[in-house]
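Working notes, beginning with the structure itself.
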Amino acid sequence: MRVIALNFADADFATPGTYREYMLEKVSPLLTADKTALVVLPAHSALLLAWSFGDLGDVQSLDEAVLQFVQLSSWPAAWYEQQQKLARELNIWFIPGTVLVRENGRLYHEAPLLNPQGRICGRQKQLFLTQQEKTWGLARGTSAEVFATPFGTLGIIVGTDAWYPETGPILALSGAGLICHPGAVPEENHTWLQFAGMWSQVQQNQFFCVESQLCTEIAGYRAGGNTLIHAPCEMTAGSSGILARGGQDGGPVVAELDEERRREVISRYPLLKLLQPEAYSPIYPEKGERS
Amino acid sequence: MKLQERLFLSYLAWRTRPAVIRRHLQKIRLPERRQVTFPAADKIRVAAAQVEAKLFKDVRAYVDEMARIARSAVRDGAQLLVFPENNNYQLLGLLPGVDKLAKEAKTAGGPEKLPVADLFRAVGPIFLRIATVTFSWLAKRLGLYIVAGSFPCPEGGKVYNRALLYAPDGSLLGSQDKVHLMPLEISWGFSPGKVFRVFPAAFGGLAAPVCMDATYYETFRVVAALGADIVAVPIANPEEYNAYLALRGIWPRVQETPVYGIKSALVGKMLGFALTGKAGVFAPLELTPGGNGVLAEAKSFDREELVAATLDLAALRRLRAHHPRLMDSNPEFMAKYLPRLYQANAK
């Protein structure tokens, strides 16, 4: 099964049309008639587009950009519509990055999964918040969903949830063998931040992960992580845990995922079967919360 | 138990009796005992031992080795020293024909066929007494906190892989049974521990989960919830060294759950196993000068080394209180899935 991640390093989106052209140009050559593909875009993709199209005005920081974006009440719906069209046009399974949406008066950071017919199969809300995200007024999601796809059971870890190790095991224990992660880590010290994020989660939970990291600027915030496709160390060259990586040139990062091989790795060393939940009671919410 | 076995164990106990060990320890030249003080800055110097696995035919050689390492740590200013997992396997050299056992395991279908739990049911109490006497004496004599590493410990018919911790007055601060066993240990007949513990030390909370316990984020979340500031992880990893594979234990755990981490390692070849690892001292990215989460790390993965670093506990507490990325909680989300998913997975 083919997975593709883009990082927008070479993007220059002046209008919705240029975004569509960019996507068609990057993704179409990688598609084959006989095989469906999954495409993952980075976090804050909607914010990037709004900023790039000039819809956020003269904002000088990421905080200002977010505050401006959440005032544009029609933007999330328009963004959704555009991504659904793209999924249909390219005939792909699609995680088009993330968007800030209002729901029942609360503001969430979420990533949807779209099928090749453009239908929204589900949405994953961010579950934990950084200090900066709290200042934006974000609310936490309360569910980690998994979705049945031709790529197996799929889960999504949104943005900074990558650094919360609770997310991966819950998805893995719910059956996810493939995690998609839209991220937007800062350029500074991104290597170690990424090892501490999805790389670690993949190694503890033995799933695949398509990590698409934003690699461009939004209103002075310079995101610059590596876009990576992860697998358990045992099935990657040099035991690096990385199947494919993308640099700063904006080229798509592509990998074929071998589910059978992943299952072999798990059967030899079944980490989730070796869990000892009896010992974890101090962190179960009903028995006392972590501060 | 056959008469022959009983006689052998009696002989082994006599050869390694506490009086022999204490007498020998008193002859070893060690620095003067220091008063352990922890200044207002909340700084503590810690050391991690990378111990080369070798079989000793005389208990005094084992004692010499441990004392030599402790002396080096104290000379480096250490107030807390951590020894590796299985830190008395070296004493298997006291058993005649033990090397043959390893060769027999190869022909019998691999190391998992070794009757290791049975072996330690017999000699475990004697080996454990050697460790108890040695590390208690060294801790008191040097005024040092010591995580003595872990030891196979028979109890109630079961065998646990148990870490022992000593206070600077020589008293046993506590013990921690390894909770997550490797498949090899399960095949050997070891039993897992059921709880994690944190021990109060003068500098803060100290925990000592063992080796594979650090594979799981839950371990560090639990000990942090119980008050750990420093988490020592003794390891003895029987796999070829690879930097990525070695990165999978304590390093990510320290990044997810902000604590200081100390990894000690048993390395080298012993009884058909090649043990590798790099002892090190680890911290959250924000507390390391290179931003890489490493304060000190051994240069080799298969030779004896001692690494040391100074930990700033006040800085750790400040980071926890104002961490830019971490320390959020979502009890509603967690309660929806845990412990239900764990219970379903166990079935």
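For B:LEU313, are the conditions met, namely being more than 19 Å from the chain's Cα centre (by Cα), at pLDDT 95 or above and either hydrophobic (A, V, I, L, M, F, W, C) or surrounded by fewer than 22 Cβ atoms within 10 Å (Cβ to Cβ) (or both)?
Yes.
Against the conditions (1) farther than 29 Å from A:LEU275 by Cβ; (2) crowded, with 24+ Cβ neighbours inside 10 Å; (3) small (Gly, Ala, Ser), where does B:ALA148 fall short? Just the number, please.
The number of the failed condition is (1).
Can you tell me how many residues within region B:146-168 are small (Gly, Ala, Ser) and farther than 20 Å from B:MET212 by Cβ?
3
Of the residues A:ALA279, A:ALA244, which single one is at the interface with chain B (Cβ under 7 Å from one of its Cβ atoms) and aliphatic (A, V, I, L, M)?
A:ALA279
With respect to B:PRO289, determine if the residue is within 14 Å of chain A (Cβ to nearest Cβ), modelled with pLDDT of 95 or more and outside any strand (DSSP E or B).
When the stated conditions are applied, B:PRO289 does not pass them.
Looking only at region B:305-347, count how many residues are of a type in the set (A, V, I, L, M), farther than 14 Å from B:VAL259 by Cα and within 7 Å of another protein chain (Cβ to nearest Cβ).
5
Quickly run through region B:232-265 and pick out the residues that are among the β-branched types (Val, Ile, Thr) and either free of Cβ contacts under 8 Å to residues at least 12 places away in the same chain or in contact with a Pro (Cβ under 7 Å, 6 or more places away or on another chain) (or both).
B:VAL233, B:ILE235, B:VAL254
Residue-by-condition table, conditions (1) touching a residue at least 60 places away in the same chain (Cβ under 8 Å); (2) not in a helix (DSSP H, G or I):
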{"position": "A:THR18", "(1), (2)": "no, no"}
{"position": "A:VAL27", "(1), (2)": "yes, no"}
{"position": "A:GLY54", "(1), (2)": "no, yes"}
{"position": "A:GLN68", "(1), (2)": "no, no"}
{"position": "A:SER73", "(1), (2)": "no, yes"}
{"position": "A:ALA77", "(1), (2)": "no, no"}
{"position": "A:GLU81", "(1), (2)": "no, no"}
{"position": "A:GLN84", "(1), (2)": "no, no"}
{"position": "A:GLU89", "(1), (2)": "yes, no"}
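Of these, A:ALA33, A:ALA11, A:ALA43, which one is within 15 Å of A:GLN213 (Cα to Cα) and out of contact with any Phe, Trp or Tyr (no Cβ under 9 Å at 6 or more places or on another chain)?
Going through A:ALA33, A:ALA11, A:ALA43 in turn, just one is within 15 Å of A:GLN213 (Cα to Cα) and out of contact with any Phe, Trp or Tyr (no Cβ under 9 Å at 6 or more places or on another chain): A:ALA43.
If the Cβ limit is 6 Å and pairs must be 6+ apart or interchain, which residue in region B:179-204 that is within 11 Å of chain A (Cβ to nearest Cβ) pairs with which residue that is part of a loop (DSSP other than H, G, I, E, B) and among the basic types (Lys, Arg)?
Partner pairs satisfying both residue conditions: B:GLY193/B:LYS178.
Please indicate, with yes or no, whether at least one residue in region B:294-304 is assigned to a strand (DSSP E or B), buried (at least 16 other Cβ atoms within 10 Å of the Cβ), in contact (Cβ under 8 Å) with a residue 12 or more places away in the chain and in contact with a helix residue (DSSP H, G or I) (Cβ under 7 Å, 6 or more places away or on another chain).
No: zero hits.
Has region B:45-55 got at least one residue that is surrounded by fewer than 13 Cβ atoms within 10 Å (Cβ to Cβ), at negative phi and in a loop (DSSP other than H, G, I, E, B)?
Among the residues of region B:45-55, not one is surrounded by fewer than 13 Cβ atoms within 10 Å (Cβ to Cβ), at negative phi and in a loop (DSSP other than H, G, I, E, B), which makes the answer no.
Of these, A:GLY159, A:GLY122, which one is within 14 Å of the chain's Cα centre (by Cα), within 14 Å of another protein chain (Cβ to nearest Cβ) and farther than 24 Å from B:GLN343 by Cβ?
A:GLY159
Could you please find all residues in region B:276-287 being without any contact (Cβ under 8 Å) to a residue 60 or more places away in the chain and either small (Gly, Ala, Ser) or surrounded by fewer than 18 Cβ atoms within 10 Å (Cβ to Cβ) (or both)?
Within region B:276-287, B:ALA283 is the sole residue that qualifies.
Considering only residues that are within 14 Å of another protein chain (Cβ to nearest Cβ) and under 13 Å from the mean Cα position of the chain (by Cα), which ones fall in region B:246-274?
Once the filter is applied, which keeps residues that are within 14 Å of another protein chain (Cβ to nearest Cβ) and under 13 Å from the mean Cα position of the chain (by Cα), region B:246-274 yields B:ILE250, B:GLY261.
Out of everything in region A:197-223 that is facing another protein chain (nearest Cβ under 9 Å) and within 26 Å of B:PRO339 (Cβ to Cβ), what residue ends up being surrounded by the fewest Cβ atoms within 10 Å (Cβ to Cβ)?
Step by step, filter region A:197-223, then rank; the result is A:GLN204.
The values are calculated or read from the model by the stated rules, or taken from the named source; none is laboratory data. Since we're looking at a predicted model, the values are computed, not measured. Glycine also receives a Cβ, built like all others from the backbone with ideal geometry; neighbour counts cover every protein chain displayed.
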